[in-house]
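Bear in mind these aren't lab numbers, they're just calculated from the coordinates by the rules spelled out. The shown structure was predicted, so the numbers you read here are calculated from the model rather than taken from an experiment. Note that we place each Cβ from the backbone using ideal geometry, even for glycine, and neighbour counts take in every protein chain shown.
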Amino acid sequence: MGGESIRVGVLLPTREAVMSGRLDAAPLLALAERVEAAGYDSIWVGDSLLARPRFEPLTLLAAVAARTRRCLLGTAVLLPALRHPLVLAHAVATVDRVAEGRLVLGVGIAPDSRAVRREFENAGVPFAQRVGRLVESLAICRQLWTDAGERGLTFQGRYWSLDEARLLPTPHRAGGPPIWMGGEVAAATERAGRLAEGWMPNSVTPEAWAEGWARVLATARAERGTTARPTPALYTTLNVGRDARTAEAELRRFVEGYYAAPYEAIARVQGFHAGDAASCLERLQGFARAGARHVVLRFGGGDQAEQLERTTREILPRLRA
């Protein structure tokens, strides 16, 4: 697996909390503290306005930042197209200040579904513009995160324009937090290689991950020089059960309830695995052998606390080894 250690993070179940009617933030913040105390490397939250309602990610991460000291804090993933880039840049800079430079901005364009298209429509954003708006928004954010002098940033783009906009405070990290992107199709891997500091797809197999990573790395080195090395990451969903049959049933119920679609249809395009700890470890080790060096875990269905405990005890040390 190479000499570089594997870093492991956990996605907070913000969507699952809303689905189950548990709307208090306190349990999520307590879980974040538990994740850090258990020795994980990062804590993540997802993003959606209407398609899959949940807590607003940057607001929640600011609270998590105040309750933690060591873990990286990330969005998996945030949709920049739904926000004005000046507002986004300001919020991100503030969270990065609260987190003292621990923020990772994972971004995406959103999948094509009826619910997501309705979400964009309600936000006043043409769905067909989501890629262009993502790229332009990130360009604006990065310029705002760099001190533009007394006169600020003047920008005229396709979607937004700014006139002498000077953002203060700038982020804790000079130039802003690292940006990670996902996606395995050719356009997505080229975009990640050209623009991002990390790649975090939701791969179905280690082989698919390795093929995508090769394209990301080739593009990064062609565009930014031979020393370019984005972080090779993975977002994946596990149900770490006591036995395979129970875990598989829980995962199926979770996926079909979460996406309102048949499990088989979703599993063709997203990475899922259910089984005991040994089976889940073997699954993750396959991605580690392929080159993934930061793994973000979402626990699908069942008791989140129990799965976290089992993963901490039976998977985490062995995966890092």
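Miscellaneous remarks
- Contour minus Cα-Cα distance for A208 and H90 (0.36 nm per residue): 38.9 nm
- Compared with the dominant principal axis of the Cα atoms in the chain, helix 304-314 is inclined by about 70°.
- Each part reduced to its alpha carbon centroid, region 1-58 and region 209-224 end up 28 Å apart.
- Relative contact order of the chain, defined on C-alpha pairs under 8 angstrom at six or more residues apart (%): 17 percent
- Trypsin sites (Lys or Arg not before Pro) within region 83-177: DSSP coil, no more than 14 neighbouring Cβ in 10 Å: R151, R158, R166
- Considering only region 107-237, percent of DSSP beta bridges that pair antiparallel, nearest 5: 40 percent
- Residue-averaged [θ]222 nm for the chain, counting only DSSP H segments that reach four residues, each worth -39500 (n - 2.57): -14000 deg cm²/dmol
- Bridges between two residues of the chain, per DSSP, are antiparallel at a rate of about 10%.
- Part-to-part distance (alpha-carbon centres) for region 118-179 and region 246-276, which is given in Å: 36 Å
- Read-out Cα Rg over 2.2 N^0.38 Å, derived from the coordinates shown; its label in [x] 1.03; [y] 0.90; [z] 0.97: [z]
- If the chain linking A305 and A321 were pulled fully straight, counting 0.36 nm for each residue of separation and taking away their Cα-Cα distance, it would gain 3.4 nm.
- Rounded to 10°, Cα long-axis angle of helix 206-224 versus longest principal axis of the chain: 20 degrees
- Between helix 26-37 and the chain: long-axis angle, C-alpha atoms, 0 to 90°, nearest 10: 80 degrees
- Remark: the S20-A222 segment gains 68.0 nm on full extension, using 0.36 nm per residue and subtracting the alpha carbon distance.
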